[in-house]
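Asks: Got a structure for you, questions after.
What follows draws every value from the coordinates through simple rules; no lab data is involved. Being a predicted model, the structure only gives us computed values, none of them experimental. Note that each Cβ is placed from the backbone with ideal geometry, even for glycine, and that neighbours are counted across all protein chains shown.
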Amino acid sequence: MVRQILVPLVLATVPDRPPSPAGGATESPDQVAFRASARAFLSTWAEPLAAADPWQISGFPNNAEARAYFERGRAWQRTLAEHGWAGLTWPAEYGGGAQPAWAERIFSEESTSYGSGPGFIGATIAMLGPTLLAHATPEVKDRFLPSLVSGEVTWCQLFSEPGAGSDLAGLATRAVRDGDEWVVDGQKVWNSCAQFADWGFMLARTDPDVPKHRGITFLLVDMSSPGIEVRPLVQANGSAHFSEVFMSDVRIPAGQVVGEIHGGWGPARTVLSNEAAFIGRGGGAPTSDRLRDLASANDRREDPIVRQRLAAIISREKLQALMGQRIQSSVRNGHKPPFDPALTKVMAAGTRVMTGNLAAELAGPAAMVGNDPIGNWVRAEVVNRFSISIGGGTTEVQKNNLAERSLGLPREPGIDREKAWKDVPRS
Ligand SMILES: Cc1cc2nc3c(=O)[nH]c(=O)nc-3n(C[C@H](O)[C@H](O)[C@H](O)COP(=O)(O)OP(=O)(O)OC[C@H]3O[C@@H](n4cnc5c(N)ncnc54)[C@H](O)[C@@H]3O)c2cc1C
């Protein structure tokens, strides 16, 4: 019954292609002018989506392609910076464009027709930028923000450890003060693109005598420092997206602390919130575009059930983008996010399951074998469903956060919350 009512509505609302995001009558003269200049810039400098291969996969079949993707992202970020399009809403003093929040929305709408993007570098800018703006000293901001936003210096996140992923605050990498330096020993793992990045932002235990959240310091480390060994972790598909990072007597100048000494959990939470918001907002060409193409190629475009599922996916993609923009504009303006960014990430993980399932059903079993671009894309959609529900904090943990922080439900029982970190049993 419900389906009979829904299908005609859905059919009426799913066009073959989304309307061009022209903005139209609802935009102010400033916005119309900004959109026109974004279009002019992109048409001159960005790679059109068709040329960029619409079936390009977001995982990599080998390490050389992973590096090439990283370097393409760096080159695009530099192009943006050279022409005044990097860090659109960032403060001008740190290399940004000081534009209102709508500038980022319009630029991202216009960019969806192009294959050029900052890739992983965009994620690190989204994570580290607001964290430095909120927690770093003026010297650290002056030194690191302009080169972060211009792509001149690239970064990786050194948070997770073999014994500390979901329970990140339980981390064991030690940093001990020696004069004007911190000396760091320990191991990090699952560090995306650490093998390519110039610098890393990391968490280390600086006071083991207090409960776990209170003895952590947030440090910035040059990845070429003596004592750092980066070992790429090769995945089943041959690609090395991640590395594990070993640190032995790595010396970090005391001026490279962000936030308070032993107070690193504050900036760490800023990183995690922005990471969740970044992952949740989607970005780039919507997956639903490829699903429409797949439906057409398999003669399923008129199938009402397929259209209904596509409509649900398109709605979620649009909602996620709008929610991501609201979070970003609040954070950039120095306000708290209007809702917990964990919400967008949980939603994005759910959408990814829906897109992966629909891709597999449309393409059928034939897509699981062979090596044609569409089959490769379908397989990547199916397999990559899991990365988004783990990276940046698992869906289960994000749901715990939502339950506790947003819904005010009782906290998870924890035996180690008030115990000194050194007294908590660990394997
Ligand atoms: C694509 C990707 C990119 C990543 N990039 C980085 C990076 O750049 N830098 C970095 O530092 N790390 C990175 N990570 C690591 C990521 O942050 C961790 O994998 C994640 O936090 C989970 O930690 P874990 O793997 O140790 O799993 P565990 O914490 O061991 O969790 C195992 C399982 O137990 C569940 N679980 C654990 N605790 C709870 C709980 N309290 N309640 C309910 N369920 C629970 C989890 O949901 C999960 O299903 C990345 C991971 C992925 C997949």
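Asks: Add +1 for every Lys or Arg and -1 for every Asp or Glu among the other residues with Cβ under 11 Å from the Cβ of residue 148, and state the total.
Replies: Residues near residue 148 contribute 0 overall.
Asks: Out of every Cα pair in segment 155-263, what percent are spaced more than 18 Å from each other?
Replies: For segment 155-263, the fraction of Cα-Cα distances above 18 Å is 44 percent.
Asks: Please give the per residue volume of the convex hull enclosing the alpha carbon atoms of the chain, rounded to a whole number of Å³.
Replies: In the chain, the Cα hull volume divided by residue count equals 161 Å³.
Asks: Given a cut-off of under 8 Å on Cα pairs at least six residues apart, what relative contact order in percent is computed for segment 300-427?
Replies: It comes to 22 percent, rounded to a whole number.
Asks: Right, here's the next one. Cβ neighbours within 10 Å, averaged per peptide: list 287-294, 234-241 in order, most packed at the top.
Replies: Put in order of decreasing packing, that is 287-294, 234-241.
Asks: Could you state the principal axis extents of the C-alpha atoms in segment 269-406, from the largest down, to the nearest angstrom?
Replies: 48, 25, 24
Asks: Let me ask another. Between segment 326-351 and segment 243-258, how many Å separate their Cα centres?
Replies: Taking the Cα centre of each part, segment 326-351 and segment 243-258 sit 30 Å apart.
Asks: While we're here: For the chain, what does the helix formula give at 222 nm: sum of -39500 (n - 2.57) over DSSP H segments with n ≥ 4, over the residue count, nearest 500 deg cm²/dmol?
Replies: Rounded to the nearest 500, it is -14500 deg cm²/dmol.
Asks: Which of 165, 408, 84 moves the most in a Gaussian network model of the chain with Cα springs under 10 Å?
Replies: Comparing 165, 408, 84 in a Gaussian network model of the chain, the most mobile one is 408.
Asks: Holding the Cα-Cα limit at 31 Å, pick out from 141/399; 141/318; 399/419 the pairs that are longer than that.
Replies: Long pairs (Cα-Cα over 31 Å): 141/399; 141/318.
Asks: Could I ask something else about it? Straight-line reach only, C-alpha to C-alpha below 12 angstrom: list the aspartates and glutamates that residue 422 could link to, leaving out same-chain residues fewer than 8 apart.
Replies: Partners within reach: 207, 209.
Asks: What's the center-to-center distance, using Cα atoms, between segment 215-230 and segment 139-153 in Å?
Replies: Segment 215-230 and segment 139-153 have Cα centres separated by 17 Å.
Asks: While we're here: What ranking of 70, 386, 278 emerges when the number of other C-beta atoms within 10 Å of each C-beta is taken as an exposure proxy, fewest first?
Replies: 386, 70, 278
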